[in-house]
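Participant: Sending over a structure as structure tokens; questions will come in a sec.
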Amino acid sequence: MNKTGPKDVFGQLLAIIGLYTSVIAFGALIFALINIYFPDVLSYDYGFSAKSSLRWPLAILVIVFPLFVWWNSYLQKDLEENPEKKELRSRRWLLHFALFSAAVVIIGDLISLVYRFLNGDLTVIFVLKVLAVFLIAASVFVYYLWNIRKKVPAMKDPKMKWFVRLVVILAGFFIVFGFFSAGSPFGERQRRFDERRVQDLQMIQSEAVYYWQAKERLPQNLDELRDEIRGFTPPRDPETGESYVYNRKGPLEFELCAIFKTSSEEASLLRAPKPAFRDTYYPAPYQESWSHGIGEKCFNRTIDPDLFPPLQKSQVR
């Protein structure tokens, strides 16, 4: 009696899609963790940028990976009950394609390693990423090669059973570790509020400097910066809606204050050392001139007329 049908084809197809999705997401997760804990000063993908890249792989793995493990287990039990399904043409094609893909990735990974070695670009970060790709691809290769060659189900063989369990445990460990590294959603939201506060203060600072250049005096308060023609309205605290504090302290000196919920020093622990030159790509909220702790922080600013000359004088020149 033929017990195979379309549901078996789509069942195997679903398993392969789950495999590719999990492998790609897991690789992205490992890469992001490497960027966080082994930052490269030449790369802009570190610090909070690397932390943000953790979220999509984690979101995918939390849903897809458990479903893939459960569905693959279901297919294995179904094969035990219906051994004839092992010879299903669609199943063998998909398994061989998975095996082929894993082999191609391993070969390409090794070629890349040799090339970077010959090019003198072999770094700890690159070696870790190559090792991660190799181990992921090798795990897929070993598991599906077993399924193609052996008649005994993987979970019925003691060695392969422990191999599968080890892979699942390691994957679970890195998923949990990824959540730990990404931080709590509440903490991330507070950090984004603080990032917005610094951006607002930078905007107010620029407008205050422009105001001085245009009128050769600093504004008495933030309302004087309001300009309907230029479309500028002084921003307010994004969380509380309160106005930021502005104090004129002298003809060329003023201060801007805001209340922060996180410390910028925590961010410095998650990034590579800052280069000696000014990096325009460096995240603005964490430049040294805008560093802050938890609570109210005031930033004193003094305008240098030589660097920011009045507009009339600069036009004359």
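Participant: Output the residue which, of all residues in region 274-317 that are of a type in the set (Gly, Ala, Ser) and under 20 Å from Ala258 (Cβ atoms), is modelled with the lowest pLDDT. Write out each step before concluding.
Facilitator: Of the residues in region 274-317, the ones of a type in the set (Gly, Ala, Ser) are 276, 284, 289, 291, 293, 295, 314.
Subset that is under 20 Å from Ala258 (Cβ atoms): 284, 289, 291, 293, 295.
Values: Ala284: 44, Ser289: 84, Ser291: 91, Gly293: 90, Gly295: 93.
Ranking the candidates gives Ala284 first.
Participant: From (1) of a type in the set (A, V, I, L, M); (2) exposed (fewer than 12 other Cβ atoms within 10 Å of the Cβ); (3) outside any helix (DSSP H, G or I), pick out the condition that doesn't hold for Val104.
Facilitator: (3)
Participant: Another question about this same structure. Residues that are of a type in the set (S, T, N, Q) and touching a Ser or Thr at 6+ places or on another chain (Cβ under 9 Å): find the helices (runs of 4 or more DSSP H) completely inside region 111-229 holding 1 or more of those. Please lay out each step first, then the result.
Facilitator: Numbers: elements: 124-149, 158-182, 185-215.
Here the list reads 185-215.
Participant: What pairs come up if the first residue lies in region 165-179 and is within 16 Å of Val140 (Cα to Cα) and open to solvent by less than 50 Å² (accessible area, probe 1.4 Å), the second is aromatic (Phe, Trp, Tyr) and in a helix (DSSP H, G or I), and their beta carbons are under 8 Å apart, counting only those six or more places apart or on different chains?
Facilitator: Ala171/Phe26; Ala171/Phe65
Participant: Among the residues of region 139-149, is any touching a residue at least 60 places away in the same chain (Cβ under 8 Å), within 23 Å of the chain's Cα centre (by Cα), under 23 Å from Val62 (Cβ atoms) and surrounded by 15 or more Cβ atoms within 10 Å (Cβ to Cβ)?
Facilitator: Keep residues of region 139-149 that are touching a residue at least 60 places away in the same chain (Cβ under 8 Å), which gives 140.
Checking the rest, the ones that are also within 23 Å of the chain's Cα centre (by Cα) come to none.
No: region 139-149 contains no residue that is touching a residue at least 60 places away in the same chain (Cβ under 8 Å), within 23 Å of the chain's Cα centre (by Cα), under 23 Å from Val62 (Cβ atoms) and surrounded by 15 or more Cβ atoms within 10 Å (Cβ to Cβ).
Participant: Show the residue pairs meeting these rules: Cβ distance below 6 Å; 6+ apart or different chains; first residue within region 233-253 and closer than 11 Å to Leu218 by Cα; second residue open to solvent by 60 Å² or more (accessible area, probe 1.4 Å) and assigned to a strand (DSSP E or B).
Facilitator: Leu252/Thr302; Glu253/Thr302
Participant: Considering only residues of region 180-214 that are open to solvent by 70 Å² or more (accessible area, probe 1.4 Å) and in contact (Cβ under 8 Å) with a residue 12 or more places away in the chain, which is nearest to the chain's Cα centre (by Cα)?
Facilitator: Top of the filtered list is Arg196.
Participant: Sticking with this one: What are the residue pairs meeting all of these: first residue in region 100-120, first residue over 27 Å from Trp146 (Cβ atoms), second residue among the aliphatic types (A, V, I, L, M) and open to solvent by 60 Å² or more (accessible area, probe 1.4 Å), Cβ atoms under 6 Å, and 6 or more apart or on different chains?
Facilitator: So the pair list comes out as Arg116/Leu122.
Participant: Now for a different question. Can you find, within region 150-164, the residue that is farthest from the chain's Cα centre (by Cα) among those that are open to solvent by less than 90 Å² (accessible area, probe 1.4 Å) and among the hydrophobic types (A, V, I, L, M, F, W, C)? Break it down into steps so the answer makes sense when it comes.
Facilitator: Step one: filter region 150-164 for residues open to solvent by less than 90 Å² (accessible area, probe 1.4 Å), giving 152-155, 157-158, 160-161, 163-164.
So of that shortlist, the ones also among the hydrophobic types (A, V, I, L, M, F, W, C) come out as 152, 154-155, 160, 163-164.
Numbers: Val152: 41, Ala154: 35, Met155: 35, Met160: 33, Phe163: 29, Val164: 28 Å.
So, considering only residues that are open to solvent by less than 90 Å² (accessible area, probe 1.4 Å) and among the hydrophobic types (A, V, I, L, M, F, W, C), the one farthest from the chain's Cα centre (by Cα) is Val152.
The values are calculated or read from the model by the stated rules, or taken from the named source; none is laboratory data. Since the structure is predicted, the reported quantities are computational estimates derived from the model, not experimental observations. All Cβ positions, even for glycine, are placed from backbone atoms using ideal geometry, and neighbour counts span all protein chains on display. All accessible areas refer to the heavy atoms of the entire protein, side chains included, with ligands and DNA or RNA removed. Shrake-Rupley method; radii C 1.70, N 1.55, O 1.52, S 1.80 Å.
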